[in-house]
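All remarks here apply to the structure that follows.
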Amino acid sequence: MKKIILMAALAAATMLVAVADRIPKNLNKLLNAEFAINSLYVDSVNEDKLVEDAIVGMLEKLDPHSTYTDAKETKELEEPLQGEFSGIGIQFNMKQDTLYVIQTIPGGPSERVGILAGDRIIIVNDSLIAGVKMKNTDIMKRLRGKKGTKVTVQVKRGNAKDLITFRITRDKIPLHSIDAAYMVDEQTAYLRISRFGAKTHDEMMEALDRLRGEGMKRLIMDLSDNGGGYLNAAIDMCNEFLDRNQLIVYTEGIKSPRNEATARGNGRYKDLPMVVVVNQYSASAAEIFSGAMQDWDRAVLVGRRTFGKGLVQRPFRFDDGSMMRLTVARYYTPSGRCIQKPYVKGKKDAYEEDLLDRYKNGEYYNLDSIHFNDSLRYTTLKNARPIYGGGGIMPDVFVPVDTSEYSTYYRDLMAKGIINQFAVDYVDAHRADLKREYATVADFDARFQLTDDDMKRFVEMGERDKVKFDEEKFKTSENLLRLVLKGLIARDVYADASAYTVVVNHRNHDLEAALQVLNDSQRFQSLLHDGNPDYERLASRHGGGE
């Protein structure tokens, strides 16, 4: 027995030496360790998992954005950016453990066979999905599938006793980047973009061309909560607003030479007055776009400092479909500002708590809580007005977060899903009447109001789900609750996601600030030419910041 073990050890050692001779010296240790564990460890090991854990462990010691994803995770991450996936083409909510169709995608598989908004899908193939507390992800797995494959669903419609059976052929389903595009007033268009995907530029141009036909003379582009996406989408969008050879963004790293992207000069909206809305959740490609607009004095930025995600990841795809995204460079705005906020290698927890730290420090609520580092003072490239670096993009006009109507009662109703649930039930009971009474979203927005009896039933629904009524907190949040409920009802009735935005934007303080800037032409020009004097005061007061 000892002889067998010795021979195995000698054979393994010989193979290690042979392998080591064919690879760079600094990788010998890692390869030898993996080989020894797989060959000699006392218990069986999963070699694939061992290698994956080693990759993850190495990346964790680097920056916060170098990551590894397995084949399944990689596919799920890429689908929203590629602009389409294969499925049956519905948007849905869960109503009392039952899938409730909010809308069918126009021209999609479900619409073609006759699925309607308000239908409840009870059975998918032979699997009961209603009333069994199935996760949304598990339901989606059953509905999604390869293009051309078929799925049979059984649907309950209205008060009909029997289920209706539909056989749906799955097809490519588009994923849109534009949440809303409409005229706020006779001259001002509003465009909200939720992501930077493969088709975002095309969607934006289609929306802008339509809005121009409706009278657009100026634009509010809302990139709040936009987490970014494809760099090329941001570059293509910037090209529509910048002049020929104006720098859009550049990347650079110790082992990656400077690489620049510049405007081609053939954009169709280079002279359109514009305000860009950003907030603390605007990241990556959203920061590239807003940074370029600010650096070239092309637009006034309104909102709060952006997230600060400015690291360039190069994807390394493996044969099994998994991927490693390795940071190879940093993004810089045209003026030379590094978009990436500071971080300490290997300290991902502290990095992820940055937004919470901003909240605790009062940055979301009070301009005087913001520190500008005078050593990171830059100037814009056209009008030489002062701007500041240090991570993220600081807008030209700061808009504090308004929490005056927020309460723990509102939070609990939202967390329990009561707000969505009530809206679904309300539309379920009144859909035909609402469509008959309010022909358009604009008509609904102008005239519809929930009654006091409606709100009483809403409160009772919350109490049935153990959300205790608090009269004082209800009064604090009542107007906000009414508005959000109205928006959700509008989205459902008109099968139009933008209907929700049209309604709730009446309490969008960032939009309000953007309109104020555009309506005051003198202030608009002053911000573009001179900058915000409050920022210079803060930089001087803090002596350069921390």
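Scanning segment 173-231 for residues that are among the acidic types (Asp, Glu), under 13 Å from the mean Cα position of the chain (by Cα) and not in a loop (DSSP other than H, G, I, E, B) returns Asp179, Asp222. Of everything in segment 332-363 that is among the β-branched types (Val, Ile, Thr) and surrounded by 13 or more Cβ atoms within 10 Å (Cβ to Cβ), the residue that is farthest from the chain's Cα centre (by Cα) is Thr333.
Yes/no matrix, rows are residues, columns are (1) outside any helix (DSSP H, G or I); (2) touching a strand residue (DSSP E or B) at 6+ places or on another chain (Cβ under 9 Å); (3) farther than 17 Å from Gln340 by Cα:
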position	(1), (2), (3)
Gly265	yes, no, yes
Ala283	yes, no, no
Phe289	no, yes, no
Met293	no, yes, yes
Asp297	yes, no, yes
Val302	yes, yes, yes
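Every condition in (1) touching a helix residue (DSSP H, G or I) at 6+ places or on another chain (Cβ under 7 Å); (2) not in a loop (DSSP other than H, G, I, E, B) is met by Gly118 except one, and the failing one is (2).
Taking residues in segment 444-459 that are assigned by TED's automatic domain parsing to the domain that holds Ala423, and partners anywhere that are surrounded by fewer than 15 Cβ atoms within 10 Å (Cβ to Cβ) and part of a loop (DSSP other than H, G, I, E, B), the pairs with Cβ atoms closer than 8 Å and at least 6 places apart or on different chains are Val459/Phe469. Evaluated against (1) in contact (Cβ under 8 Å) with a residue 12 or more places away in the chain; (2) surrounded by 13 or more Cβ atoms within 10 Å (Cβ to Cβ), Gln516 falls short on exactly one condition, (1). Taken together, the residues in segment 132-164 that are among the basic types (Lys, Arg) and over 30 Å from the mean Cα position of the chain (by Cα) amount to 4.
Taking the conditions exactly as written (at pLDDT below 95 and either among the aromatic types (Phe, Trp, Tyr) or on the phi > 0 side of the Ramachandran plot (or both)), does Lys466 satisfy them or not? So Lys466 fits the description; yes.
Scanning segment 345-382 for residues that are of a type in the set (Ser, Thr, Tyr) and free of Cβ contacts under 8 Å to residues at least 12 places away in the same chain gives Tyr359, Ser369. As an exercise: evaluate Leu81 against (1) closer than 26 Å to Gly227 by Cβ; (2) modelled with pLDDT of 85 or more and give the number of the one condition it does not meet. That leaves (2) as the condition not met. Please work out if Val503 is on the phi < 0 side of the Ramachandran plot, crowded, with 20+ Cβ neighbours inside 10 Å and modelled with pLDDT under 95. It is false that Val503 is on the phi < 0 side of the Ramachandran plot, crowded, with 20+ Cβ neighbours inside 10 Å and modelled with pLDDT under 95. Note on segment 29-82: among residues that are assigned to a helix (DSSP H, G or I) and of a type in the set (Ser, Thr, Tyr), the one that is farthest from Lys309 (Cα to Cα) is Ser39.
Sub-9 Å Cβ pairs linking a first residue in segment 75-99 that is surrounded by fewer than 19 Cβ atoms within 10 Å (Cβ to Cβ) and hydroxyl-bearing (Ser, Thr, Tyr) to a second residue that is assigned to a strand (DSSP E or B) and at pLDDT 75 or above, at least 6 apart or interchain, are Ser86/Asp171; Ser86/Lys172; Ser86/Ile173; Thr98/Arg120; Thr98/Ile121; Thr98/Ile122; Thr98/Lys156, ordered by first then second residue.
The values are calculated or read from the model by the stated rules, or taken from the named source; none is laboratory data. On a predicted model such as this, the values are computed, not experimentally measured, just so you know. Positions of Cβ are backbone-derived with ideal geometry, glycine not excepted, and every protein chain shown enters the neighbour counts.
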